[in-house]
Structures are given as C-alpha cells and as structure tokens.
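Step one of this worksheet: look at the structure below.
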Amino acid sequence: MNVLFAVSECAPFVKTGGLADVAGALPKALAAQGIDVRVMLPAYGPLAPILANAEQVGEVYGVDGAKRVYLTRAEGLTLLLVDAPHLFKRPGGPYINEAGVDWVDNHLRFAGFSRAAANVARDGIGGWRPDVLHVHDWQTALAPAYLKLDQRGGPPSIVTIHNMAFQGVFPSTEIDAMALPRWGFHPEGYEYFGQVGFLKAGLVYADRITAVSPTYARELTSAEFGMGLQGVIAARRADLVGVLNGVDLDVWNPETDPHLAAPYGVRNFRAKAQNRTALAGRFGIDIEDHAPLFALVSRLTRQKGVDLLLAVLPRLLARGATLAVLGSGDHDLEAAFRAAATAYPRRVGVRIGYDEPLAHLMQAGADSVLVPSRFEPCGLTQLYALRYGSPPLVARTGGLADTVIDANDAAVRTGAATGFVFAPVAAGLLADAIDRACDAFADRPLWTQIAKRAMKHPVGWEVSAARYAALYSELVGGAEMTGGADGSDD
Ligand code: ADP
C-alpha cells in the first residue's frame, strides 16, 4: 500500500503546531504496518540543507508552472520536496511573514502545492504511484478537488481535519489564478458564501473525512464547533470518522529525552523532581514543596482558553501554586502574560516565543500541565503531560475529553485517574479544578498514584495507525476511481 501524505508542515523540519507533530510521527507508525508513506512538503527555506542532498525524481505542474520534486530520507521519513523558491523560499514562517502577517499570496502558494499533490497522486513520480492521497487541513484540501474536477481519474483521497477554525477562505476573483475549474464553484462544490473555501472543497471532494479525535468528530456537526461547515459535515456524516492522534514515543520519552535535567520513568519517578527544580530555576520561580508548579505550553489564543487562566491566576497563587508559561500568539495575550510575570515576580514566569527544547523540559518539570481550551480537536500537550507524569488539567472538549480521566472519587478509588477535567469552559470551573489539583498534590501518595497512572496511559500511534491503515484498505478495496471516470462523487 502506497500513501501520499500532502501536508504543509512536518516535525522536526517545519512546525507551527500539532499538525507538524502528526505529520512527523504518523508516517513512521504506518511504515510499521507495512505502508509506504511519502510525505510531500513544500521546500521551505530552512529545508535547503536537506534539499541539497535530495535526488530530483521529476517535475510536476502546480498552477503557475512546473516545479521540481526531490526525494530523500530524513529523520525516519521519506520526503517528496516540492521546490518552488518563488512560493516557499522566504524568511518568516510557513504561513506568515516576519511581521507576523499572513503572506498575501497564501492561496496561490497552497493552491499550487495542492495541485502538485493531485498531479503526483494521479500520475505518480519517479516510478512510485500512490494508492491513496491523504491531505491535511485547508492548506492541502484543494488537492481532492483538483483530482475530482479534472475528471482524469486518480486514487481515492482522505482529508483530515486537524482544526476546523482554519478554513482557508479566499476571494472568488482568484479562481482562475488558482486554475480551479469554474464548474465547481457552487454550494455543493468549493464555493463558500461567495468565496473559495479550501477546507470546504476537501470536505466535499475527498472520499473520506477524518477528524483527530472521536469527540471532535461528533462536535463538528454543531454550529459552535463546525464554524460554518457543520452542514457540510452533516451531509458527509457517513464518511466521517474520528481517529485520535498519538505521540512519537521516541521523541517524547522521559527516559531518553536529551532536553531534560534528569531522565526518569515510572520506576525512578523521584528523579522527575530534578526537572522541577531545573524548570523553576530557568524561570526564576520560587516553588513550594506543598503546592504544584503548573505549566502552560501553548499558542496564546482564545481557542486555548489562556485568558481564563489569566483571570484565575490570583486564586492559583493563593494556594501557593506557581506558573511557568511558554507560548506565543495574539499580541494582547502575550502582553497580558508579560504583565502577569511582572505583577507576580518569582511566582509566575513567562517566556514569549517558540522553544522546542524548553517545551520538553516544561513537560518534565511541571507538576501539572494546563490545557483549558475552549475547543481542542485533539491536543498533544496533554498527551505529552501524561507520558511525562505531569497530570494534565484540561477542559472537557474534543480530544482532551477522549484522553484524560478526571480524578473524581470513583476514578481515584479504582486507580484510573490520570488528571483533572472541567466543564463547561468557564473561569470559575477552571479555578475549581485548580483547587482540586492543589488538594491532590498536597496528598503525596495520591499524587504519585495519579502521575504514575498517567505515565502508563497508552499515547502512542499504534492503535490509531492501524485505524488509518484499515481506512486506506477499505478505500482501495471499494471506492477506487478509474482513469476517465466521470469524476462525480461516489
Ligand atoms: P495546536 O496544534 O492547536 O497548537 P497541539 O496541542 O495539537 O495544539 O500541538 C501544539 C504543539 O506545539 C505541541 O507539540 C507543543 O509542545 C508545541 N508548542 C506550542 N507552543 C509552543 C512554544 N511556544 N514553544 C515550543 N513548542 C510549542
């Protein structure tokens, strides 16, 4: 089974969030199931050293002309790099410029990339041909649309929704520039309230849709979580399945993690304390023995509920607890966290920015990791927290609801509890959960029980990779498109 992953970011090469972690880990887990996954990625500037050692395997058309495609192996992955310097070799991030503003031609960049993915899916490249095209989020969601609308056949496709909040909506005046066939511009096609909807196109034209957790898949049919696309989701309900994300157990392993002050596991759990001390030292925080050091590693946006955390900070501190924050995002939230660090010196430590090694130390050094998201398609930081024995404190939404077992009386008595869960998402209930965590922390045997149980919670990819593998087989066995087919939906 050959699968083409088309994706706009992939750890450790280029990362803005969980999508990259998934793209970097899932293909390896699929390889263990005997699936040959090639990860197609734009050759962004920072990939230049990898590109230099890659082998050119062909050229592919992508909206504004031919682009060279390079093949290489790196970090356990087989990469197909699409070389289009005028689109992707720029300073800044994959989607934003150095001033933090979206590139004005993002629609052309990712339409071109999606078109290239569709062409590689249909024609193969370098003697390799995929059986399934698997695209991720809005950036590559046009690829299934190009495949279907071109009416020249091609393999079946899957679109995975990592976050419905980012939909890729652009003016209809750009339709021709994106080489999209006009006859797809209608409500049952890629049209979205008079504009072009990239993610909408994927939801309409892909043969299957997956969401990154079962709860999120259910939530997406409501207006609150569907964010305008709930009707499209409802119409495709039979083709939608929730498959929980996992974590790369080699990269996120407290026994071998090179970024920790001291390695530890369930057996030498005591050594975790050295990381706590190291983390507090890094942030200049005075920790107390009887009260937890909480950590937040997050994009600083409303989605993540971090404004609620700011609101309840006095209550957290009143318990003797402390807080370390690593994140970047909305400027007002960044400023508010900076102000909190100034207002509560040696109690609240804040780093604005992106720091992968520090993110690892925070998972290890924190007593508990906070994830108070308003919505969370899957969430990875709570999975890292489980693995690192730092019982996560999370909102009961999306993948958070599917992965953390609240330390209520029943769960504590049966030894099942792995963290703290609150709902609905409101400041008062977050504060109550923080109180409960502080109470549990003061009871050291209880806390150790919860933390060790968390570490044993399976967070790897094995089960979910098998589900994707089954989905691929089902698609190839059933809904395969043939060359010259009429291209209509199944
Ligand atoms: P999302 O993709 O919505 O941002 P996830 O929880 O799925 O949320 O994934 C976030 C990923 O990004 C995790 O790997 C987390 O450790 C990482 N991350 C978020 N913010 C930072 C930061 N400031 N520095 C380092 N890593 C970060």
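The values are calculated or read from the model by the stated rules, or taken from the named source; none is laboratory data. If you're wondering where the values come from, they're calculated on a predicted model, not measured in any experiment. Every residue, glycine as well, gets a Cβ built from its backbone with ideal geometry; the counts of neighbours run over all protein chains shown. What goes into the accessible areas is simple: the full protein's heavy atoms, side chains included, and nothing from ligands, DNA or RNA. Shrake-Rupley method; radii C 1.70, N 1.55, O 1.52, S 1.80 Å.
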Taking only pairs six or more apart or across chains, which ones have beta-carbon atoms under 6 Å, a first residue in the range 156-177 that is part of a strand (DSSP E or B), and a second residue that is open to solvent by 40 Å² or more (accessible area, probe 1.4 Å)? 158/208; 169/195
Within the range 266-289, tally of residues that are more than 19 Å from residue 438 (Cα to Cα) and small (Gly, Ala, Ser): 4
If residue 391 satisfies every condition in (1) within 22 Å of residue 361 (Cα to Cα); (2) modelled with pLDDT under 95 but one, which is the exception? (2)
Taking interchain pairs and intrachain pairs at least six residues apart, which have beta carbon atoms under 8 angstrom, with the first residue in the range 374-388 and in contact (Cβ under 8 Å) with a residue 24 or more places away in the chain and of a type in the set (A, V, I, L, M) and the second assigned to a helix (DSSP H, G or I) and more than 10 Å from the ligand (Cβ to nearest atom)? 383/403; 385/454; 386/403; 386/454; 386/455
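Does the range 247-257 include one or more residues that are open to solvent by 20 Å² or more (accessible area, probe 1.4 Å) and more than 30 Å from residue 217 (Cα to Cα)?
yes
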Note: among 87, 71, just one is under 20 Å from residue 138 (Cα atoms) and of a type in the set (A, V, I, L, M), namely 87
Which condition breaks for residue 316 when tested against (1) within 13 Å of the ligand (Cβ to nearest atom); (2) within 30 Å of residue 456 (Cβ to Cβ); (3) outside any loop (DSSP other than H, G, I, E, B)? (1)
If I ask for residues that are surrounded by fewer than 16 Cβ atoms within 10 Å (Cβ to Cβ) and either in a helix (DSSP H, G or I) or of a type in the set (A, V, I, L, M) (or both), which ones from the range 180-193 would you list? 182, 183
Limited to the range 289-336, what total is found for residues that are among the polar types (S, T, N, Q) and either more than 23 Å from residue 424 (Cα to Cα) or not assigned by TED's automatic domain parsing to the domain that holds residue 424 (or both)? 2
Could you tell me which of the residues 358, 308, 400, 300 is open to solvent by less than 30 Å² (accessible area, probe 1.4 Å), within 28 Å of residue 274 (Cβ to Cβ) and among the aliphatic types (A, V, I, L, M)? 358
Residue count, the range 19-68 (criterion: within 23 Å of residue 213 (Cα to Cα), touching a residue at least 24 places away in the same chain (Cβ under 8 Å) and crowded, with 19+ Cβ neighbours inside 10 Å): 13
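For the range 436-446, what are the residues that are in contact (Cβ under 8 Å) with a residue 24 or more places away in the chain and either assigned to a loop (DSSP other than H, G, I, E, B) or open to solvent by 40 Å² or more (accessible area, probe 1.4 Å) (or both)?
Those that are in contact (Cβ under 8 Å) with a residue 24 or more places away in the chain and either assigned to a loop (DSSP other than H, G, I, E, B) or open to solvent by 40 Å² or more (accessible area, probe 1.4 Å) (or both): 436, 442.
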